[in-house]
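These notes are about the structure you will find just below.
The values are calculated or read from the model by the stated rules, or taken from the named source; none is laboratory data. Bear in mind that the values here come from a model prediction, so they are computed numbers and not experimental data. Here the Cβ positions follow ideal geometry from the backbone for every residue, glycine too, while neighbour counts run over all protein chains shown.
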Amino acid sequence: MIRFLIHYGLHFVAPYFIATLYAKHSIQEKYRVYVLFLASMLVDLDHLVSDPVFDPHRLSVGHHFLHSYYALTLYAFALFYKRTRLLAFALIFHMFSDIMDYLLYLIGL
């Protein structure tokens, strides 16, 4: 249960705090950043072409094509461009959340 709470907390709660830190003075900007972080979860659509679709004992990073190391490299390069920086950060944070979920599985939480 703690693994579930941490994983989905990283996907839904942490982005709210990141958006709050990023956009301290504008409610609209905070909302935009938070929605962008939520939209970054669309990379999980690549799970639909996997068999099984969901495996709680599998590390998504490196297995699915939008979670591949090639994609992660592309996300890292996108950090260098102002127009894509926030989306790239959201996607990398998503990968971090998935890695943390797998590490919690490995330690037995």
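Structure values in brief
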| quantity | calculated |
| --- | --- |
| Residues (among the aromatic types (F, W, Y) and either buried (at least 16 other Cβ atoms within 10 Å of the Cβ) or under 28 Å from G108 (Cα atoms) (or both)) located in the range 15-74 | Y16, F17, Y22, Y34, F37, F54, F65, Y69 |
| Some residue of the range 58-68 being closer than 11 Å to M95 by Cβ and in contact with a Gly (Cβ under 7 Å, 6 or more places away or on another chain) | yes |
| Among residues of the range 4-43, those that are free of Cβ contacts under 8 Å to residues at least 60 places away in the same chain, of a type in the set (G, A, S) and part of a helix (DSSP H, G or I), counted | 4 |
| Identity of the residue in the range 35-75, modelled with pLDDT under 85 and among the polar types (S, T, N, Q), that ends up nearest to the chain's Cα centre (by Cα) | S60 |
| Among (1) aromatic (F, W, Y); (2) without any contact (Cβ under 8 Å) to a residue 40 or more places away in the chain; (3) surrounded by 13 or more Cβ atoms within 10 Å (Cβ to Cβ) - the single one F96 does not satisfy | (2) |
| Candidate set: the range 44-98, residues that are acidic (D, E) and in a helix (DSSP H, G or I); chosen: the one farthest from A14 (Cα to Cα) | D46 |
